[in-house]
Amino acid sequence: MVTLADLQVRTLGACTVKSPLAMYVGDRETNEYYVGETDRILYDDTIELITARGVPLDELPTFEAGGPRQSIFFDPATTKVGVVTCGGLCPGLNDVIRAIVLELHTHYGVRDVVGFQHGYAGIVEANGHDVVQLTPSYVARINERGGTILGSSRGAQDPSAIVDRLVELDIDILLVIGGDGSMRGAHNIGREIASRGLSIGIVGVPKTIDNDIPHIGQSFGFSTAFAKAAESIKAARVEVEAAVGGVGIVKVMGRHAGFIACYAALANHDADFVLIPEVEFALDGENGLLSLLARRVAERGSAVIVLAEGAGQDLIPADDRTDASGNAVLGDIAGFLRDEIGKDFANRSQPLTMRYFNPGYAIRSVPADASDSVYCTRLAQTAVHAAMSGRTDMVVGRRRHRFVNVPIPFVTAGSHSVSADGDLWLSVLESTAQPFSMR
Ligand code: ATP
Ligand code: MG
């Protein structure tokens, strides 16, 4: 069970420097823009959960509020900050980089901000990547482009070599924009820093296009991503309606969590079946996908399947390969389903026109939409506030409409996925009219 101790964010030490934000927010003792140390956001969201704990109010698990502190740890005049992006692309990376640089320069007066190129690999000196000086003019319009101006990479790196380079470059704060693997890496770097007795802060902005990192609220770029995926579903609908026996398969991201598939399908109600990793389905039998699909096409003339890449892995032989970071390579469920559906329709002598859409890279590479841009900016500002106040080994998130600081070990301990008993999946079933059980 989650306790208050799990949610305590580490700090590098006492905050003794007056925040330069006083210029913008005023300098009164009780200024409401500054976040007080006793301001906490509840972890539990129902009275039942709170009462079931049976503990006093001050022992309830709560998140530390994110935001500016009146006194900070680092003196902006002498602080140097490094920024790195790791893992796969996601809409909004450049918005986060831009907002970090602008917040540090414009508000805190931190002039020395550098970008490491190509992920953690770019921090390791032996790999020979130069750092990029990040200035407001350098980042001015980067938010209009997708991807990351810093580049990214996968693959294990030695935390000791990373800390050596941070020390050599006099970095005080490392801001990491990356996924679950990057956050595990950040925690290891933080441990190496602590073991050497150094005061280097490490703060993350969690990036996950699949929305599968727990406790941080919705991840940035997710809403841009599912909106883009919804366009492919709409295109699939148009294609299959024009064909005889049209069946469209739209493969979207979602290795372990089917959020993109669910939200994209709900966005325009063009899907007949949504297949996600969290909900197993059978191919054969009366309630299996093949029969249901054949029936749907016979009744309505066409059907669209929205397929998360990690769905149905139990139906195909496991792929024992891993990527450079050690993540398992998924089996090709889309190819398998195309073959099986083709054979099944032939057996039934039912006409079939198959259309396959794989918008994955097109989704990953788009710039963030306006709503995600705002979100990226605010997450980045929260990360800068946390880092300047000496917080470390933590990521930023948003809970109950508040920005929060969350310890890295707490977010890497689990993952976030669609609950087969939850209201999101129920909405998908209602919108697709696919049966509760396809087994
Ligand atoms: P995403 O999976 O969303 O694309 P990610 O951050 O999980 O993003 P990875 O390729 O898994 O992407 O990891 C990025 C970097 O983080 C790797 O280059 C590696 O240095 C580091 N890393 C990954 N997994 C771990 C781990 N288990 N422990 C320590 N460091 C890790
Ligand atoms: Mg990952």
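Per-structure values
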{"read-out": "Residue check for ILE50: closer than 29 Å to ALA140 by Cβ and away from ligand 2 (no atom under 16 Å from the Cβ)", "value": "no"}
{"read-out": "Check on LEU379, touching a helix residue (DSSP H, G or I) at 6+ places or on another chain (Cβ under 9 Å) and surrounded by 16 or more Cβ atoms within 10 Å (Cβ to Cβ)", "value": "yes"}
{"read-out": "Candidates TYR120, TYR138, filtered to the one that is open to solvent by less than 60 Å² (accessible area, probe 1.4 Å) and either within 16 Å of ligand 1 (Cβ to nearest atom) or in a helix (DSSP H, G or I) (or both)", "value": "TYR120"}
{"read-out": "Cβ pairs under 7 Å, 6+ apart, first in region 284-304 and closer than 23 Å to ASP314 by Cβ, second open to solvent by 80 Å² or more (accessible area, probe 1.4 Å) and at pLDDT 95 or above", "value": "LEU290/ASP284; ALA294/ARG348"}
{"read-out": "Answer from GLU231, GLU278 - the residue that is open to solvent by 40 Å² or more (accessible area, probe 1.4 Å) and touching a Ser or Thr at 6+ places or on another chain (Cβ under 8 Å)", "value": "GLU278"}
{"read-out": "Test: residue in region 56-79 that is open to solvent by less than 10 Å² (accessible area, probe 1.4 Å), part of a loop (DSSP other than H, G, I, E, B) and within 16 Å of ligand 1 (Cβ to nearest atom)", "value": "no"}
{"read-out": "Identity of the residue in region 347-365, touching a helix residue (DSSP H, G or I) at 6+ places or on another chain (Cβ under 8 Å) and assigned to a helix (DSSP H, G or I), that ends up modelled with the lowest pLDDT", "value": "ALA362"}
{"read-out": "Test for GLY390: is it on the phi > 0 side of the Ramachandran plot, open to solvent by less than 50 Å² (accessible area, probe 1.4 Å) and modelled with pLDDT of 95 or more", "value": "yes"}
{"read-out": "The listed residue being among the small types (Gly, Ala, Ser), touching a residue at least 60 places away in the same chain (Cβ under 8 Å), more than 16 Å from ligand 2 (Cβ to nearest atom) and more than 22 Å from ALA387 (Cα to Cα), out of GLY155, GLY146, GLY109, GLY128", "value": "GLY146"}
{"read-out": "Enumeration of residues in region 165-211 that are away from ligand 2 (no atom under 16 Å from the Cβ), open to solvent by less than 20 Å² (accessible area, probe 1.4 Å) and not β-branched (Val, Ile, Thr)", "value": "LEU166, LEU174, LEU175, GLY190, GLY201"}
{"read-out": "Of the criteria (1) modelled with pLDDT of 95 or more; (2) more than 20 Å from SER219 (Cβ to Cβ), which one GLN70 fails", "value": "(1)"}
{"read-out": "Lone qualifier among VAL81, VAL25, VAL2 - being touching a Ser or Thr at 6+ places or on another chain (Cβ under 9 Å) and not hydroxyl-bearing (Ser, Thr, Tyr)", "value": "VAL25"}
{"read-out": "Test: residue in region 133-145 that is small (Gly, Ala, Ser) and under 22 Å from TYR375 (Cβ atoms)", "value": "yes"}
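Conditions tested, residue by residue: (1) within 16 Å of ligand 1 (Cβ to nearest atom); (2) open to solvent by 20 Å² or more (accessible area, probe 1.4 Å); (3) among the polar types (S, T, N, Q).
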residue	(1), (2), (3)
LEU307	no, no, no
ASP319	no, yes, no
ASP323	yes, yes, no
VAL329	yes, yes, no
ASP332	no, yes, no
LYS343	no, yes, no
SER349	no, yes, yes
LEU352	no, yes, no
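Conditions (1) in contact (Cβ under 8 Å) with a residue 60 or more places away in the chain; (2) in contact with a strand residue (DSSP E or B) (Cβ under 7 Å, 6 or more places away or on another chain); (3) in a loop (DSSP other than H, G, I, E, B), marked per residue:
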| site | (1), (2), (3) |
| --- | --- |
| ARG338 | yes, yes, no |
| GLY342 | no, yes, no |
| GLN381 | yes, no, no |
| PHE403 | yes, yes, no |
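The values are calculated or read from the model by the stated rules, or taken from the named source; none is laboratory data. Only a predicted model underlies this, so the values are computations on that prediction, with no experimental measurement involved. When we count neighbours, we look across all protein chains shown, and the Cβ atoms used for this are built from the backbone with ideal geometry, even at glycine. We work out accessible area using only protein heavy atoms, side chains counted, and drop any ligands, DNA or RNA first. Shrake-Rupley method; radii C 1.70, N 1.55, O 1.52, S 1.80 Å.
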